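Shown next, in C-alpha cells, is the structure this report addresses.
The values are calculated or read from the model by the stated rules, or taken from the named source; none is laboratory data. No experiment lies behind these values; they were computed from the predicted model shown. All Cβ positions, even for glycine, are placed from backbone atoms using ideal geometry, and neighbour counts span all protein chains on display. Only protein heavy atoms, including side chains, enter the accessible area calculation; ligands, DNA and RNA are left aside. Shrake-Rupley method; radii C 1.70, N 1.55, O 1.52, S 1.80 Å.
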Amino acid sequence: MTTPLTLATRTLPDGRTLLEAVGEIDMSNSDALASALEATTGPLVIDLMAVEYLDSAGLSVLFGHAERLEILVGPLLAPVLTISGLAGLTTTRGA
C-alpha cells in the first residue's frame, strides 16, 4: 500500500526552488521524492514541516542531494536529521 505524500514546488523570490512535502516519506514513495528533487537544479529549499514520518529510504534520497539542500524541519523530524547526520551536511532550520 502506498503511503500518502504530496509534493508541490514553487519559485521563491530569490530564485531558489521550494519543494513542500506533506504526509509520510517511506520506501513506498521515496521514488516520487527522488524524482521531484532531480527535476530541480541549483539550490533547493525543502519544507518538511508537514511530514509526519521519514524512514531510511527517504533519508537516503535526501543524502543524495545534501550539498544543495536547505531543509525546513519541525520538532518531530529534527532529531531524525540530527541523529542520521543529515543536519550536519545541510542547512537546517526549525520552527
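So with the 1.4 Å probe, I'd like the accessible area per residue for the chain, rounded to whole Å².
54
With an 8 Å cut-off on Cα pairs and a minimum separation of 6 or more residues, tell me the relative contact order of the chain in percent.
24
What percent of all Cα-Cα pairs in the chain falls in each 10 Å bin, counting up from 0?
Answer for the chain: a P(r) of 17, 58, 24, 1 percent.
Can you compute 3J(HN,Hα) from phi for each residue in segment 62-68, using the Karplus curve 6.51 cos²θ - 1.76 cosθ + 1.60 with θ = phi - 60°, rounded to whole Hz and x for Gly and Pro?
So the Karplus estimates, Gly and Pro as x, are 5, 4, x, 10, 3, 5, 10 Hz.
Suppose the chain between Met27 and Asp14 were pulled fully straight at 0.36 nm per residue; how much longer would it get relative to their current alpha carbon spacing?
Going from the current span to full extension adds 1.4 nm.
Please list, in chain and number order, the residues 5+ apart from Leu72 or on another chain whose amide H is under 5 Å from its amide H, with Hs placed from the backbone.
Counting only residues 5 or more places away or on other chains, the set is Ile46, Asp47, Leu48, Arg93.
Calculate what fraction, in whole %, of the accessible area of the chain sits on carbon and sulfur atoms when a 1.4 Å probe is rolled over the protein chains.
57
With the crude spin-label approximation of a point 7 Å out along Cα→Cβ, what separation in nm comes out for Glu38 versus Ala57?
Using points 7 Å along Cα→Cβ, the separation is 1.5 nm.
With θ taken as phi - 60° and the coefficients 6.51, -1.76 and 1.60, list the Karplus ³J(HN,Hα) couplings across segment 23-40 in order, rounded to whole Hz; mark glycine and proline as x.
Values, residue by residue: x, 10, 10, 8, 5, 6, 9, 5, 5, 5, 5, 4, 5, 5, 5, 6, 7, 10 Hz.
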